[in-house]
Amino acid sequence: MTLTLHVDGDRWRSHLLATAAAQPGIVPVVKGNGYGFGIGRLARRCDWLAEHAENTHPAIDLIAVGTYDELDEVASRFHGSLLVLTPWRPVGAALDVSATLADRVVHTISRVEDLRALTDEQPHARFVLEQLTSMRRHGMTRRELVEAAKVLAERRLTGLVGVAMHLPLNVGSHLGEVQRLLNDVVAAGLATRTVFVSHLTREESTTLRTSYPDFTIRPRIGTDLWLGERSALDVTATVLDVHHLERGEAYGYRGRSMPKNGHILIVSGGTAHGIGLEAPTGDQSLRSRAATIARGGMDAVGLVRSPFSIDGKQRLFAEPPHMQASMLFVPSGARVPAIGEEIAVRVRFTATDFDRVEIR
């Protein structure tokens with residue numbers, strides 16, 4: 001009676017190995033909800049990848065987590081180093097890293113003052129220096145990178161692991177921007193030639209390795225690694241109850257009336273799982289805007305398309321989803337699934353928490 005992620009294990013594992021082989025120096029990203037799998041499970045899989053992946057130079061000796069609060073869950077499951085993507089700040093969880101983990105953690109430093117503060121407390125801390133990209137989220141400008149290099153030299157710090165770049169999505173080629181940022185690394189006089197970078201294509205990574213043979217390019221990859229073989233992933237919900245109702249009969253928390261004869265289905269999967277919670281997609285096309293307007297009109301009259309499908313037909317929510325279950329409307333004449341039957345669900349994996357993950 002659960003919302004379940006079904007995984008074709010052979011196909012999924014083959015994809016993981018192929019991705020690792022095609023991206024030398026890959027740093028798997030394990031963060032948030034673990035792309036639907038859970039970060040603990042993915043951390044164990046990274047240990048497996050480190051052992052089984054071929055042609056991965058450098059070896060898979062490092063994974064990336066999103067926050068300091070995620071460290072404890074992955075540390076016992078992956079035995080290499082742990083890069084924290086959220087920049088270090090002298091507050092909160094960043095100050096609570098246990099002594100037993102300190103040597104394995106690689107911090108992200110995006111401000112010169114934080115470099116000083118971290119190394120005041122931990123002179124031997126390991127870290128990457130994040131550069132400011134066109135995304136404008138975190139990072140140092142060229143001038144700040146030069147200042148950071150001076151701090152490294154003055155303090156004789158040896159913990160610099162590399163520089164980091166977080167690039168935007170869907171903006172065409174990143175090569176010009178990355179080349180400029182690499183030139184900034186050289187101009188700053190930093191004693192590293194290792195670059196950790198997100199959102200490069202395989203072709204861009206290959207081009208950079210050819211153009212900058214003295215640099216080690218280490219792509220940080222999450223979505224394309226864990227979710228890149230969508231045909232290996234299926235999601236189902238269990239039909240928990242079925243009720244036949246006549247037109248006009250009341251149902252649900254809000255006492256809505258049936259628009260016509262049909263059935264109300266209660267299925268597993270609700271807001272606690274992420275069902276019915278829609279994050280902005282960033283799609284600004286006319287088609288996307290029209291779809292948003294159409295959904296708003298359907299919502300105004302109580303008709304909202306759900307992500308649940310029966311026999312290939314996407315069914316409507318009878319009312320907004322509940323915490324752990326949803327109510328669907330199935331009109332008369334359509335097949336009504338039996339209690340206990342599994343029906344298909346389309347989800348956004350990075351925003352969904354499953355009751356069960358079954359890897360076959």
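The values are calculated or read from the model by the stated rules, or taken from the named source; none is laboratory data. Fair warning: this is a prediction, and the values are worked out from it, not measured in the lab. As a convention, Cβ positions derive from the backbone with ideal geometry for all residues, glycine included, and neighbour counts pool all protein chains shown. Each accessible area value is taken on the protein alone, full model and side chains, heavy atoms only, with ligands, DNA and RNA left out. Shrake-Rupley method; radii C 1.70, N 1.55, O 1.52, S 1.80 Å.
The table below gives the values:
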item	result
Interchain or long-range residues, amide H under 5 Å from residue 105's placed H	82
Sites residue 79 and residue 10 - FRET efficiency at Förster radius 30 Å, r taken between beta-carbons, to 0.05	0.75
Beta bridge orientation in the chain: antiparallel %, DSSP, nearest 5	50
Positive dipole terminus of the chain, leading residue within 262, 128, 53 (C-beta point charges)	262
Angle in degrees between helix 112-121 and the longest Cα principal axis of the chain, rounded to the nearest 10	80
Assigned charges on the beta-carbon of Lys, Arg, Asp, Glu; the stretch 160-219 dipole about Cα centre (debye)	120
Cβ-Cβ FRET estimate between residue 151 and residue 261, R0 fixed at 51 Å, reported to 0.05	0.10
Charge dipole of the chain about the Cα centre (unit charges at C-beta), most positive-ward option of 14, 208, 164	208
Burial order of peptide ranges 12-20, 171-179 (average beta-carbon count within 10 Å, highest first)	12-20, 171-179
Shape metrics for the stretch 74-136, restricted to C-alpha atoms - Rg then Dmax, Å	12.1, 37
For residue 169, solvent-accessible area (1.4 Å; no DNA, RNA or ligand), Å²	110
Cα-based Rg of the stretch 122-184 normalised by 2.2 N^0.38 Å, two decimals	1.24
Proximal lysines relative to residue 313, as straight alpha-carbon distance under 23 Å, when same-chain residues fewer than 8 apart are discounted	260
Å² of accessible area per residue within the chain, as computed with a 1.4 Å probe and no ligands counted	49
Solvent accessible area, Å² - residue 1, 1.4 Å probe, full protein context	150
15 Å beta-carbon shell around residue 36, net charge (K/R +1, D/E -1)	0
Heavy-atom accessible area ranking, 1.4 Å probe, most first, across 260, 31	260, 31
Cα long-axis angle, helix 142-155 against the chain (0 to 90 degrees, to the nearest 10)	60
Largest to smallest accessible area among 231, 198 [probe 1.4 Å]	231, 198
Inter-site label distance for residue 113 and residue 21 at 7 Å from Cα along Cβ, in nm	5.0
In degrees, nearest ten, helix 286-300 long axis to first principal axis of the chain (Cα)	40
Accessible surface, 1.4 Å probe, highest first, among residues 158, 216, 119	158, 216, 119
Net length gained if the chain between residue 305 and residue 210 were fully extended (0.36 nm per residue, minus Cα distance)	29.3 nm
Accessible area (Å², 1.4 Å probe, nearest 10) - residue 126	70
Label assignment, Cα extents along the principal axes in Å derived from the structure, set (i) 57, 45, 39; (ii) 70, 41, 36; (iii) 80, 41, 40	(iii)
